[in-house]
1. Which residue pairs have Cβ atoms under 6 Å apart, sit 6 or more places apart or on different chains, and have a first residue in segment 270-283 that is in contact (Cβ under 8 Å) with a residue 24 or more places away in the chain and a second that is of a type in the set (Ser, Thr, Tyr)?
2. The conditions are (1) part of a loop (DSSP other than H, G, I, E, B); (2) within 16 Å of residue 83 (Cβ to Cβ), and residue 114 fails exactly one of them. Which is it?
3. Starting from segment 435-462, take each residue that is buried (at least 23 other Cβ atoms within 10 Å of the Cβ) and list its partners that are β-branched (Val, Ile, Thr) and in a strand (DSSP E or B), counting only C-beta distances under 6 angstrom and pairs at least six apart or across chains.
4. Within segment 496-505, is there a residue that is surrounded by fewer than 18 Cβ atoms within 10 Å (Cβ to Cβ) and touching a Leu at 6+ places or on another chain (Cβ under 8 Å)?
5. Just name the residue that is least open to solvent (accessible area, probe 1.4 Å) out of those in segment 202-232 that are small (Gly, Ala, Ser) and closer than 28 Å to residue 122 by Cβ.
6. Please work out which residue is surrounded by the fewest Cβ atoms within 10 Å (Cβ to Cβ), limiting yourself to segment 530-544 and to residues that are assigned to a loop (DSSP other than H, G, I, E, B) and of a type in the set (A, V, I, L, M, F, W, C).
7. In segment 338-358, is there at least one residue being crowded, with 19+ Cβ neighbours inside 10 Å, over 28 Å from the mean Cα position of the chain (by Cα) and assigned to a loop (DSSP other than H, G, I, E, B)?
8. Evaluate the following for residue 485: is it basic (Lys, Arg) and touching a Leu at 6+ places or on another chain (Cβ under 6 Å)?
Amino acid sequence: MAKRLYRFSSNAYHKITKAYTGLRLMLDGRVNKGTAFSIRERQALGLHGLLPPVVSTPEMQENRILQNFTRQPTDLDRYIQLMDVQDRNEKLFYRVLCNNLDQMMPIVYTPTVGLACEKYGLIFRRPRGLFITIQDKGHIADMLASWPERNVKAIVVTDGERILGLGDLGSFGMGIPVGKLALYTAIAGVPPSQCLPIVLDVGTNNQSLLKDDFYIGLKKPRDRSDNYDEFIDEFMQAVVSTYGQDCLIQFEDFGNHNAFRFLEKYRNKYCTFNDDIQGTASVAVAGIMASLRITQTELKDNKFVFQGAGEASLGIASLLVMAMVEQGVSLEEARSKMWLVDSRGLVCKDRASGGINHEKAAFAHQHEHIKNLADVINKIKPTAIIGAAAVAGAFTEDIIKSMASFNKRPIIFALSNPTSKAECTAEQAYKLTNGKCVFASGSPFPSYTLQDGSMLHPGQGNNSYIFPGVALSVILFKIHHVSDKIFLVAAKALADLVTKDNLKEGRVYPPLKDVREVSVKIAVRVAEHAYATKAASLYPEPEDKETFVRSNMYSYEYESFEPQFYDWPSNL
């Protein structure tokens, strides 16, 4: 049987067998170089004649991809093109992604990945992860064994119930784990061979998908029975038995009712975190911390109203409370600064309409019930409003103007994804506050020019600032449990990287093109915290952690497959 061709030494020819050369080699995207194979490589590997005579440099190949990229008529077509590149030439895909992050991130991640998920059955080419269904209960370990890579260190898993702000997309949700793990590699340098995207298919309650001829998942209603919990338990156990206790499991886009309970159930037993709760919280808190340098206020002097009381809002509120408590504020006072508004109105004690679950109860204050968000804001008079419930246009003109009327520099974070679900646009926020607001969004918005000619660049509160760096640190330094404190450390690290020039431009995050460097700094800060709290288990502890991190990051440079020839002494 032919040996796999990932993981080469400086000269990799000795790992290639005759059974794994020629066309077969070119069809393996992990090692294929396309026209970048040298003439000697082509001759040695049986490729000569299978490729045109020109030998391209990686730079020429990248330029060819970019030229074709700009010619695509829609973002969905650009997404399809990039996925095709990833399938046929992995190194080239990551070269293009890493060198053009500003241009590529909105395609491989939000907002385009949302559209790709909705059309996943139509654009499906070849699998890039594992589809494990509830019908396979009792055999999950066998299915994990089907994956060709054995050294898996990071899994992103979804059951597709709450994909971005789009709802239940079932198996179409595979686009999310695939996209997230592409960013693990592009932004944090986690080798793609160590990453595994997984969909746990337990059915879907999306009636349009159940009637869709192109739907690729189980065509049955979601399993809400105890069978579902047993299925998830088996999955977690199977991951550990297959890949080890230190394999990171990132939960993504589970429904609210499952996301919180699985986080509490597994966080102290497995190496796991929930990006919708903890990652979103971390990037939002980092943005708030940077915003305070613009508003010239302290965190404890701010009051927050959240449009939404789901995973994201509760995660952000909880991490803000942790940050305040760390600064000496009592837990009770810190919680009193957080006000949540859900579909039934203000979350408050003894609300007649009910709907106050365990997670919301911590932020349910003694207050008259108010149904309308605008009335809540006029009554509470917050310094910051944060939208994370995927209610498009929730921040109305009246709300934005009200925020500007009682705040010198109101903080407005419209964090819902994709763009179509944003609570307001950057232009609306800046225009209606005369450029006074500090704005951030979940999806990218264009810059806005004020009447005096100055330009404001809206910050994008993108989770990709946080989860790749945290994941890199967890993997490299063998952190077995990912605490909320780790995400607060990451938030502080991110906020510290926002420069004075960034703030002058209205940015509360570093430019997205610098996100790879951001991940390195976050990984180091998380590692320092982990060793200080005895949470890291990699020993001996690296003395120079930044050098250690950089030396272990994936490189998109091609490796040489030319055989090394040498002569014997002539006198033999």
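1. Listed pairs, sorted by first residue: 272/266; 283/465.
2. (1)
3. 437/412; 438/411; 439/412
4. yes
5. Looking at the filtered set, the residue picked out is 203.
6. Step by step, filter segment 530-544, then rank; the result is 538.
7. Within segment 338-358, one or more residues are crowded, with 19+ Cβ neighbours inside 10 Å, over 28 Å from the mean Cα position of the chain (by Cα) and assigned to a loop (DSSP other than H, G, I, E, B).
8. No.
The values are calculated or read from the model by the stated rules, or taken from the named source; none is laboratory data. Not measured: the values here are computed from a predicted model. When we count neighbours, we look across all protein chains shown, and the Cβ atoms used for this are built from the backbone with ideal geometry, even at glycine. Note: areas computed on protein heavy atoms with side chains; ligands, DNA, RNA excluded. Shrake-Rupley method; radii C 1.70, N 1.55, O 1.52, S 1.80 Å.
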